[in-house]
């Protein structure tokens, strides 16, 4: 029964995740703020919320019965390893995906109204993510899987920076847009990480814990965030002007 339920969830997870992976590039590359951007942004948000929810269900079933959910790994890894990687770490990443997607959606929906962004689901997701990240790190230490410890810092950084924006005394005029970009690009990172890292376990199991498989989508996503933030801050002209002013004062 658990195996059958897991198969249903993984099919739904792959389907929605694949749609999200394709939709991701339309608002990222296309013109910002237009009708196409808004439409595909909504599609991306909805499928990512579904993807994260299915991953959450998969992680819980794995924690209950790791061998029933991953029979292809029997004889290759023990129960503690499967629970750690595909249970606790996936639980952390599922909550991370839900957190980023919902937070990013509220940033663009409410823009300057941070009080509206502090609705109970958004705030709850921040503290759930902190708890999940802490647990992921502890479980990683218990089974000597330091990748779990490393990935927990992504959860900590996400939750604490989100809370800082939600509660800091005064926000800048473009802060909501920067947070929107950070969050939804972060959701895209989680999709591609899942495909490259977790997906590889079925083809070449050793690749699932290869740092390169985790670094490629993370590096790509962070580069996209930095590029868009740079453009929001005025790009080359802003920094050229800043350097000119500093030289004149010297």
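The values are calculated or read from the model by the stated rules, or taken from the named source; none is laboratory data. Since we're looking at a predicted model, the values are computed, not measured. Every residue, glycine as well, gets a Cβ built from its backbone with ideal geometry; the counts of neighbours run over all protein chains shown.
Quick one: which residue in 146, 160 is farther than 21 Å from residue 45 by Cα and at pLDDT 95 or above? Step through it out loud before you land on a result.
Values: 146 fails: at pLDDT 95 or above.
That would be 160, the only listed residue that is farther than 21 Å from residue 45 by Cα and at pLDDT 95 or above.
Test residue 187 against the stated conditions and say whether it is touching a helix residue (DSSP H, G or I) at 6+ places or on another chain (Cβ under 6 Å), at pLDDT 90 or above and not in a loop (DSSP other than H, G, I, E, B). Lay out the reasoning, then the answer.
On the way: touching a helix residue (DSSP H, G or I) at 6+ places or on another chain (Cβ under 6 Å): yes; at pLDDT 90 or above: no; not in a loop (DSSP other than H, G, I, E, B): yes.
Taking the combined requirement at face value, the residue does not satisfy it.
All but one of (1) modelled with pLDDT under 90; (2) part of a helix (DSSP H, G or I); (3) surrounded by fewer than 21 Cβ atoms within 10 Å (Cβ to Cβ) hold for residue 31, so report the exception by its number.
It fails just one condition, (2).
Name the single residue, out of those in the range 38-74 being in a helix (DSSP H, G or I) and free of Cβ contacts under 8 Å to residues at least 12 places away in the same chain, that is surrounded by the most Cβ atoms within 10 Å (Cβ to Cβ). Outline the logic, then answer.
Restricting attention to the range 38-74, the residues satisfying the condition of being in a helix (DSSP H, G or I) are 38-64, 66-69, 71-73.
Remaining after also requiring free of Cβ contacts under 8 Å to residues at least 12 places away in the same chain: 38-39, 42, 46.
Values: 38: 13, 39: 13, 42: 14, 46: 16.
That would be 46.
Consider residue 90 against the criteria (1) surrounded by fewer than 16 Cβ atoms within 10 Å (Cβ to Cβ); (2) in contact (Cβ under 8 Å) with a residue 12 or more places away in the chain: it satisfies all of them except one. Which criterion is unmet?
(1)
Quick one: would you say residue 100 is out of contact with any strand residue (DSSP E or B) (no Cβ under 8 Å at 6 or more places or on another chain), surrounded by 15 or more Cβ atoms within 10 Å (Cβ to Cβ), touching a residue at least 60 places away in the same chain (Cβ under 8 Å) and part of a helix (DSSP H, G or I)? Before the answer, list the steps.
On the way: out of contact with any strand residue (DSSP E or B) (no Cβ under 8 Å at 6 or more places or on another chain): yes; surrounded by 15 or more Cβ atoms within 10 Å (Cβ to Cβ): yes; touching a residue at least 60 places away in the same chain (Cβ under 8 Å): yes; part of a helix (DSSP H, G or I): yes.
Yes: the conditions hold for residue 100.
Output the number of the condition that residue 231 fails; it satisfies all remaining conditions of (1) within 28 Å of residue 95 (Cα to Cα); (2) modelled with pLDDT of 65 or more; (3) exposed (fewer than 14 other Cβ atoms within 10 Å of the Cβ).
Just one mismatch for residue 231, condition (1).
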